[in-house]
Amino acid sequence: QVQLVESGGDLVQPGGSLTLSCAVSGSPINILTMGWYRQAPGKEREWAATITSGGNTAYADSVKGRFTISRDSAKDIVYLYMNSMKREDTAVYYCKARRNGMDFWGKGTLVTVSS
């Protein structure tokens, strides 16, 4: 069983920056495919970024160039660095781990972009 705990959600102004963390237990993260997803109010959950076990990254067009996903394998933490934030980035952000075809989710952390 893989357990995920997100943290770092906060209120941030448009144009600001924020870093989210996802602490992973139950498996070393370097054998997992890790992803960040988000769900805005009244909308479906959408994919934002992925980092594979091999370290390859991919981003949704809506966050490309502004968000960066990375991992610290020594600490088993995955990060999402968010820059140049927009009001439409407001959402609950979820961390997901995939191992052997099974998906594990965290409970999410709220990010609000507002002046």
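Some values worked out for this structure:
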read-out	value
Interchain or long-range residues, amide H under 5 Å from Lys86's placed H	Gly15
Solvent-accessible area per residue for segment 57-115 (1.4 angstrom probe, square angstrom)	53
All Cα pairs of the chain, percent lying beyond 19 Å	39
Fraction of accessible area attributable to carbon and sulfur, the chain (%, probe 1.4 Å)	46
Per-residue ³J(HN,Hα) for segment 96-110, Karplus 6.51 cos²θ - 1.76 cosθ + 1.60, θ = phi - 60°, Hz, x for Gly and Pro	10, 10, 10, 9, 6, x, 9, 9, 10, 10, x, 8, x, 9, 8
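The values are calculated or read from the model by the stated rules, or taken from the named source; none is laboratory data. Owing to the predicted nature of the structure, the values given are computational and were not obtained by experimental measurement. Accessible surface areas use protein heavy atoms only, side chains included; no ligands, DNA or RNA. Shrake-Rupley method; radii C 1.70, N 1.55, O 1.52, S 1.80 Å.
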